[in-house]
Amino acid sequence: MTHVEAEIASQPAIWERVAGLDLAPLPRRGQRVAVVGCGTSWFMGMAYAARRERLGHGETDAFQASEFPRGRAYDLVLAITRSGTTTEVVDLLTALPGPSLLIVGDPGSPAVRAAGATIALPFADERSVVQTRFATSALALLRAGLGEDVAALAGDAQRALDAPLPVDPAAVEQVTFVGQGWTVGLAYEAALKCREAATFWAEAYPAMDYRHGPIAIAAPGRAVWSLGAPPPGLAGEVAATGAQFVDGGATLDPMAELILAQRFAVALAAHRGLDPDAPRNLTRSVVLEPR
């Protein structure tokens, strides 16, 4: 078993553990919050930002760390980084004049020294380059802070591990993931897993915007996978192209549906004869040389 397979399989237990953590440092209702990260962590920030606003907890924006608008005022800047070494995140935390909170895998990392406060998840950290359980655990923690029953979602996580894959890795040449609201970030992350683990052609879009151009590539031998319930009519429009449509909103919470997409990415790698623990051109953290 690869490292990433073992880490994917550990998610139900990790989510249950996260549900029991101290939630007091997390953003309070009514605070104006910015969430920052890079790659996978940015996508988790996008999901949290949209969900926090939808649940009425306050204005929340998400930014790739290098694109944070430094002239804009927030009550709290929340940074997510597995390694705690990512250059853009460390630089931003070091320069911030206001309160900051870090969610990190490595409690001894440089980002911890730069942040105002830290929630460390060392039990969710990973050996693999491809992020899986740290990302979902950070989002699970943030959802718990919104009052959601994350321990109950662990059951959905286990069902996602036991369920058959909805798309056959040997029978598809391209997949597009779509989402709505908070699941747009999950769709972006699902596509990233396929690109990272298997160098596979995968794209992601807001589900309503998918009709505005991207549907042009839908065809037999390709698939469109909805993270969460799709908008009315989209399944039929995709079916008319000959592409396969996967309705991810039928049985599982979308965060658990992401586990199915993680498994699919690893299965793609195996089908293509690739090692998902050694993805091409990638390292566990992006650390830039000083200018």
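The values are calculated or read from the model by the stated rules, or taken from the named source; none is laboratory data. Since the model is a prediction, treat every value here as computed from it, not as a measurement. Neighbour counts run over all protein chains shown; Cβ positions are idealised from the backbone, glycine included. Ligands, DNA and RNA are excluded from the accessible area calculation, which covers all protein heavy atoms including side chains. Shrake-Rupley method; radii C 1.70, N 1.55, O 1.52, S 1.80 Å.
Taking every alpha-carbon pair under 8 Å whose residues sit at least 6 apart, the chain reaches a relative contact order of 20 percent. Taking a ≥ b ≥ c as the square roots of the eigenvalues of the alpha-carbon gyration tensor, the stretch 167-264 is classed rounded because a/c is under 1.5. Relative to the longest principal axis of the Cα atoms of the chain, the long axis of helix 150-162 makes an angle of roughly 30 degrees. Packing around the peptides 239-250, 180-191, taken as the average count of other Cβ atoms within 10 Å per residue, puts them in this order, highest first: 180-191, 239-250. Once the mean of 1/r is taken over each pair of separate Cα atoms and inverted, the stretch 1-142 shows a Kirkwood hydrodynamic radius of 15.0 Å. Rank 176, 152, 131 by how far each Cα sits towards the positive end of the charge dipole of the stretch 129-197 (+1 on Lys, Arg Cβ; -1 on Asp, Glu Cβ) and give me just the farthest. Ranked along the dipole, the leading option is 131. Taken about its Cα centre, the stretch 1-145 carries a charge dipole of about 380 debye when Lys and Arg each add +1 at the Cβ and Asp and Glu each add -1 at the Cβ. Heavy atoms of the protein chains alone define the surface here; on that basis the stretch 200-243 has 42 Å² accessible area per residue at 1.4 Å probe size. Here the chain is assigned +1 on the Cβ of each Lys and Arg and -1 on the Cβ of each Asp and Glu. Its dipole about the Cα centre then comes out at about 480 debye. On a C-alpha basis, how far is the centre of the stretch 199-238 from the centre of the stretch 3-43 in Å? Whole number, if you could? Cα centroid of the stretch 199-238 versus Cα centroid of the stretch 3-43: 27 Å apart.
Entry note, the stretch 79-215: relative contact order of 15 percent, from Cα contacts under 8 Å with a spacing of 6+ residues.
In this view, the solvent-accessible surface of residue 17, computed with a 1.4 Å probe and all protein chains in place, comes to about 140 Å². Here the Karplus curve 6.51 cos²θ - 1.76 cosθ + 1.60, taken at θ = phi - 60°, turns the phi angles of the stretch 15-31 into couplings of 4, 4, 5, 4, 4, x, 6, 5, 9, 4, x, 5, x, 8, 4, x, 5 Hz, with x standing for Gly and Pro. For the stretch 105-189, the solvent-accessible area of protein heavy atoms averages 33 Å² per residue (probe radius 1.4 Å; ligands and nucleic acids excluded). Here the chain exposes an accessible surface that is 53 percent carbon and sulfur, computed with a 1.4 Å probe and the other protein chains kept in place. Relative to the longest principal axis of the Cα atoms of the chain, the long axis of helix 40-54 makes an angle of roughly 80 degrees.
With respect to the chain, whose longest principal axis is taken over its alpha-carbon atoms, helix 254-271 is tilted by about 60°. Largest to smallest in accessible area, the residues 148, 67 fall in the order 67, 148 (1.4 Å probe, all protein chains included).
Helices in the chain, meaning DSSP H runs of at least 4 residues, each add -39500 (n - 2.57). Divided by all residues, the mean residue ellipticity at 222 nm is -12000 deg cm²/dmol. Placing unit charges on the Cβ atoms of the charged side chains and taking the dipole of the stretch 1-100 about its Cα centre, the candidate lying farthest along the positive direction among 19, 36, 57 is 57. Shape of the stretch 1-72 from the C-alpha gyration tensor: oblate (a/c of 1.5 or more and a/b not above b/c, with a ≥ b ≥ c the square roots of its eigenvalues).
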